[in-house]
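Participant: My structure is below; once you've seen it, I'll send some questions.
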Amino acid sequence: MALLSSFILRSMVQHMERLSIDTVPLLAEVGIKKSDLDDPDKRFECKTVGYLKQKAILLTGDEFFGLHHGEQFQPTSLSFLGYLMLNSPDLETGFKKVIEYNRLIGEGIRHDLVPYDENTYILNSYIEDEDIYLAERVVMESILASIVTSTRMILNKQVTVNEVFFSFKKPENIDEYVRFFGTDQIHFEAKTNS
């Protein structure tokens, strides 16, 4: 059973509240008290977080909830790890620190930096745990958008992405992806998420 840290769930709950979702009864539905989100040692099952993300899509009607959550992401919501990333001497060092200490964030997804030609890809793959797959699209949208948002904050500029790979099926409309990532090179049903 894969687990995620309280600060990941807290970031998502804050985004839900910005969208006027009453999160207290929603959290209670899965046995979580709002005060649990303030406990840095608390961990939650990935399937619970996936359920809450799916519920947020239903409550808001925002099929791009994961992308929009990632767009609003604040690296400091990763606690000291976010500050470490923001204060790294360069982007590569910052992401290497996040990858090195990823187990503090959660156990369900592995991140790797892979140089290829003149680009570097950040591969995001599921560690074999069926609980994670319940909300694949919303989870990967959120992760990839959070990475891009963090990159833009660290570099203090609006960077675009050369190309994006998602392992899930292509949605009917991809305009939101093009808008956010700044590229139309967005591939679906790929072998990796990067």
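Participant: From the list Ala145, Ala135, pick out the single residue that is among the small types (Gly, Ala, Ser), in a helix (DSSP H, G or I) and at pLDDT below 75.
Facilitator: Matching residue, one of Ala145, Ala135: Ala135.
Participant: Tell me the residue from Ala2, Ala56 that is crowded, with 19+ Cβ neighbours inside 10 Å and in contact with a His (Cβ under 9 Å, 6 or more places away or on another chain), please.
Facilitator: Going through Ala2, Ala56 in turn, just one is crowded, with 19+ Cβ neighbours inside 10 Å and in contact with a His (Cβ under 9 Å, 6 or more places away or on another chain): Ala56.
Participant: Filter the range 69-83 down to residues that are farther than 30 Å from Glu172 by Cα and modelled with pLDDT of 75 or more and give me whichever is surrounded by the most Cβ atoms within 10 Å (Cβ to Cβ).
Facilitator: So the residue we want is Pro75.
Participant: While we're here: Ala56 - would you say it is part of a helix (DSSP H, G or I) and either at pLDDT 90 or above or farther than 17 Å from Ala145 by Cβ (or both)?
Facilitator: Criteria not met by Ala56.
Participant: Looking at Gly66, Gly61 in this structure, which one is open to solvent by less than 50 Å² (accessible area, probe 1.4 Å) and small (Gly, Ala, Ser)?
Facilitator: After applying the criteria, what remains is Gly66.
Participant: Among the residues of the range 20-41, which ones are assigned to a loop (DSSP other than H, G, I, E, B), open to solvent by less than 70 Å² (accessible area, probe 1.4 Å) and at negative phi?
Facilitator: If the condition is that a residue be assigned to a loop (DSSP other than H, G, I, E, B), open to solvent by less than 70 Å² (accessible area, probe 1.4 Å) and at negative phi, then Ile21, Val30, Ile32, Asp39 are the ones that fit.
The values are calculated or read from the model by the stated rules, or taken from the named source; none is laboratory data. Since this is a predicted model, take the numbers as computed values, not measurements. For neighbour counting, all protein chains shown are included, and Cβ atoms are generated from backbone atoms with ideal geometry for every residue, glycine included. In case anyone asks, the SASA skips ligands and DNA or RNA and just uses the protein heavy atoms, side chains included. Shrake-Rupley method; radii C 1.70, N 1.55, O 1.52, S 1.80 Å.
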